[in-house]
Structure formats: C-alpha cells, structure tokens
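Q: The structure is given below, and queries will be raised subsequently.
The values are calculated or read from the model by the stated rules, or taken from the named source; none is laboratory data. Everything numeric in this text was worked out from a predicted model, so none of it was measured. With ideal geometry, Cβ positions are generated from the backbone for all residues, glycine too; neighbour counts draw on all protein chains shown.
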C-alpha cells in the first residue's frame, strides 16, 4: 500500500516538475481555468442563493390568491366574495386585499400602494428604497396626485425596515379610506382575496371550489408563486450560462489545443522516458497527475473566489445581469449557502469537460514511439 | 537543508484551498444565523400583508408581480404587440402560464 502511495507521489513530483519547467504557459492555463470556474461558479451560487431566499421569504404567502378577470383583463373583486369563500370547507381565513400601482412622473418610477388595516388615516409607511428616492423620512409630508387631479398629502409615520427591502422596496402602506379617496376605487370592490388553507392537501380542492363558485375567478396557488421564482432565476441563470458557455467552449479549445500540440521538447521528454523504461501506463499516470493538479488548483481557487465574490462582495461582477434593474431597486444581500450539490454541478460543468478534452491527446502522447521522436 | 518535494508544496496548496472551503462553510453558517432576524422580519411582513412577490423591478405590473400576472397583460397595448419593457427580457413567464401541450410519452 505504502509502496503504491510512494509510486504515485513520485509520479506527482515528476508531473509537477514538468509543469514548472513551462511555468508561463501553465500559469496562463491555470489562470484562465480559474476564471472560467469563477464565472460559472458565481452564476450558480448567486442563482441558487436568490432562489433559496425567495422560497424562504414567500413560504408565508397566502395559499391561494383569488383574482377576477373580465374580457381578459383584471377587474376588482366584489367584496362580498369574501364571506362566500370563507364559508368553504378547509378555508381558515380570507383577507380582502386592496392594492394597486401608482406612476410618479417626477421620479419616473412605479410605486405599489397597499392598504394596511393597521395604517392610520392621513398617515403612510414607506418602503426603504422609495423613502430614499423621494427623500421622505418619518415626520415629513409626502404628496401624490389623486385620480380627480387634486393633490393629496400624507404624513410619513415610518419607513419599512431595510431588512425586508427585497419585498417592500416600493411599498406604501396606507389606510383604506385614504386609498379609495386617492384612486377613486369604489366601495364594495377589492383588488383580490388572500385565502388561507391550513391543510396543504386541501388547497387544490378549495381552488377548484372557488373556480366553481365564481366562473370568472382566477385562483393562483402558493406553489405556483414559488415555482414562478424558481423559473425566473433559472431563466436568468440559464441566460448567463448560455453566454458563458462560449467562454467555456473557448477554454476547452485552448486546453485541447495545448494538449494536442505537444512541443518538440515535450515529445522528446516522453520519448526519453519510454527509452529509459517507462511504459505507456506510467506516462498516462504522469499525464493524469498533470491534469489532476491543474484541475484541482483551478477548481479550488475558482470556486472559493466565486463564493467570496457572491456572498461577501455582493456579486459585483455578475449582479447587473442576474438581479435585473429598476428605478427603485432594493438593496439586499443574499444569505450565503454552499452545498455539495452546487460544487458537484460546478465540477461537472468545468473539470469533466476539461478532462474529456485532454484525455485523448494525453493517451496519444503516451503511446508515442521513442525511436521516432528522438531521431 | 533538504529541498521540499513539489508534491509536498502541492499538498500544502490543496490543504490551503480546503481550509478556505471550510472557512467559506463557516462564514455561510454564521452569516445565515445573522440573517435569520431579517428573514423572520420579511416572512412576518409576507404573512401580515399577504405579499406574493419580490420587489425586483417596478416598471410594469407583470414584472413587479410576475406570480400574479396572466398571459395577456404583457401584450395588451394593441393586437399583436410585443412585450417591450427591458426587464421583461429578464423575467420568464410563470410556469403555470406556459403549460406544455406536447403529448406525454
């Protein structure tokens, strides 16, 4: 056993010495390899991190949201649906939600007004990004154009915590009467219904009952909400990976080219080794250790750099492509997560194609005829 | 003085990378504990207000609330209109709006 370990260690020594003899070339290869692992790793870690964040935050979303569509467009829901839905077996609570969008021509941004039962008349709570953009803080007055052309002012009583900015950046929490006055929303109508169903197994049945009760109702399940964010970030990550696949392909061509175009010096080296008694298996093992050391160093360094870049450096290289953009963009950090599944995926995306691209040239190098190369 | 073998130096480099990975794991654990309060705050807000979406982009209703949108909203400007907001290109339609009609095999 020890003898076998010592043999491999000698082969590794030889492979590393051979790599060090061509320092410049191999350092460039490891540098590019590390960069490829870093870019793919950053995309994978960021996508996984934000998907996890969305799933954890939206786990408390209502089990069913009931909307109404008329002629293919959303229409407010009659408030009397609330009691009819609450009477369904399996439903524990129905919260009529009154909310809508507001375009601010000054800031050229959309806000989301949401009626909060706890809000006091004449007073509003602002999302942190909106508060920063408007320069409105607790104690200040903020004004909006009402639907009838009048100017309506509210006192800012508070700013929603920056910790929840990913959910509340553009929110304005307002009292029901104020919102109806501001938007002209008629009494007796709400935007949608948030339905709570404690037993997860009953959710599809309740949604079916709601659709049966109101044929133009559109129930949206929490599972669909969660799948939306999975799909959204898979889409973004996929687009980024599609762009990066060109980089990966270019790197593989570089690795394959380097492995096939053995320099005269390398060929002579292999020829001498075979002439002094190394067999094809030994050369293959030496080449294996060469590839292995390059891959291990590049994979280790690239994935570590990717981790620190995404979770400590806030992903400054890839963030614009993956987070999206907005006038009122939330400032948020993703809770770090490093799981074996991500490292395995990254390994299969980088090390396996590199090994596949270099193994055949290594085998061809190992089977070279010493007489031919030394002549 | 004996010269270090290349494999010893290589082993040291690998150990250093493993230590870096362990440090990253530790960082992830402590940062998650530190972020738990913020996460709870977010979850409480979602439960209290019945929120359904992350605020990633606010330029159009179907980008602000992608989970609640339908298949028509992005195209309602006129018949045959193309969805045209820049962030729309970065937001995939929700899977429940794009069922596959391919036969099951």
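Q: Cβ contacts < 7 Å: first residue in the same structural domain as residue B:65 (by TED's automatic domain parsing) and surrounded by fewer than 16 Cβ atoms within 10 Å (Cβ to Cβ), restricted to segment B:39-52; second residue at pLDDT 90 or above and not in a helix (DSSP H, G or I), any location; separation 6+ or different chain. Result?
A: Once the first residue is in the same structural domain as residue B:65 (by TED's automatic domain parsing) and surrounded by fewer than 16 Cβ atoms within 10 Å (Cβ to Cβ) and sits in segment B:39-52, no partner that is at pLDDT 90 or above and not in a helix (DSSP H, G or I) comes close enough.
Q: Then there's this: Just the residues that are at the interface with another protein chain (Cβ under 8 Å from one of its Cβ atoms) and either at pLDDT below 80 or assigned to a helix (DSSP H, G or I) (or both), please, taken from segment A:330-371.
A: A:330
Q: Further, regarding this structure: Would you point out the residue of segment A:296-321, among those that are crowded, with 21+ Cβ neighbours inside 10 Å and over 20 Å from the mean Cα position of the chain (by Cα), that is nearest to the other protein chains (Cβ to nearest Cβ)?
A: A:301
Q: Quick one: how many residues across segment A:146-174 are in a loop (DSSP other than H, G, I, E, B) and within 14 Å of another protein chain (Cβ to nearest Cβ)?
A: 4
Q: Does segment A:322-329 contain at least one residue that is assigned to a helix (DSSP H, G or I), within 14 Å of chain B (Cβ to nearest Cβ) and under 30 Å from residue B:34 (Cβ atoms)?
A: yes
Q: Please verify whether segment A:81-90 includes one or more residues that are within 14 Å of chain B (Cβ to nearest Cβ) and touching a helix residue (DSSP H, G or I) at 6+ places or on another chain (Cβ under 9 Å).
A: Yes, segment A:81-90 has at least one match.
Q: Would you mind finding the one in A:233, A:251 that is over 30 Å from residue A:362 (Cα atoms) and in a helix (DSSP H, G or I)?
A: Unique residue meeting the criteria: A:233.
Q: Could you name every one of the helices (runs of 4 or more DSSP H) located completely within segment A:1-94 that has at least 3 residues being within 26 Å of residue A:208 (Cα to Cα) and more than 35 Å from the chain's Cα centre (by Cα)?
A: Helices (runs of 4 or more DSSP H) meeting the threshold: A:81-86.
Q: Okay, moving on. Would you point out which residue out of A:286, A:239 is part of a helix (DSSP H, G or I), at pLDDT 80 or above and within 30 Å of residue B:97 (Cβ to Cβ)?
A: A:239
Q: How many residues, within segment B:13-49, are closer than 30 Å to residue A:30 by Cβ and at the interface with chain A (Cβ under 7 Å from one of its Cβ atoms)?
A: Within segment B:13-49, residues that are closer than 30 Å to residue A:30 by Cβ and at the interface with chain A (Cβ under 7 Å from one of its Cβ atoms) number 10.
Q: Quick check on this structure: which one of A:133, A:211 is assigned to a helix (DSSP H, G or I), within 37 Å of the chain's Cα centre (by Cα), more than 13 Å from chain B (Cβ to nearest Cβ) and surrounded by 13 or more Cβ atoms within 10 Å (Cβ to Cβ)?
A: None of the others qualify; the one that does is A:211.
Q: Check segment B:82-90 and report whether any residue there is touching a helix residue (DSSP H, G or I) at 6+ places or on another chain (Cβ under 6 Å), modelled with pLDDT of 80 or more and facing another protein chain (nearest Cβ under 7 Å).
A: no
Q: Answer yes or no: is there a residue in segment A:175-195 that is away from chain B (no Cβ under 11 Å), surrounded by 18 or more Cβ atoms within 10 Å (Cβ to Cβ) and closer than 27 Å to residue A:90 by Cβ.
A: Taking every residue of segment A:175-195 in turn, at least one turns out to be away from chain B (no Cβ under 11 Å), surrounded by 18 or more Cβ atoms within 10 Å (Cβ to Cβ) and closer than 27 Å to residue A:90 by Cβ.
Q: Would you pick out the residues in segment A:98-121 that are more than 9 Å from chain B (Cβ to nearest Cβ), surrounded by fewer than 20 Cβ atoms within 10 Å (Cβ to Cβ) and closer than 14 Å to residue A:328 by Cβ?
A: Hits for segment A:98-121 are A:102, A:103, A:104, A:106, A:107, A:108.
Q: Scan segment A:135-162 for residues that are in contact (Cβ under 8 Å) with a residue 24 or more places away in the chain and under 26 Å from residue B:44 (Cα atoms) and jot them down.
A: Correct list: A:154, A:155, A:156, A:157, A:158, A:159, A:160, A:161, A:162.
Q: Keeping to segment B:50-69, report how many residues are part of a loop (DSSP other than H, G, I, E, B), closer than 21 Å to residue B:82 by Cβ and more than 7 Å from chain A (Cβ to nearest Cβ).
A: Total meeting the criteria: 3.
Q: Looking only at segment B:1-12, count how many residues are surrounded by 15 or more Cβ atoms within 10 Å (Cβ to Cβ) and either touching a strand residue (DSSP E or B) at 6+ places or on another chain (Cβ under 9 Å) or part of a helix (DSSP H, G or I) (or both).
A: So the count comes out to 3.
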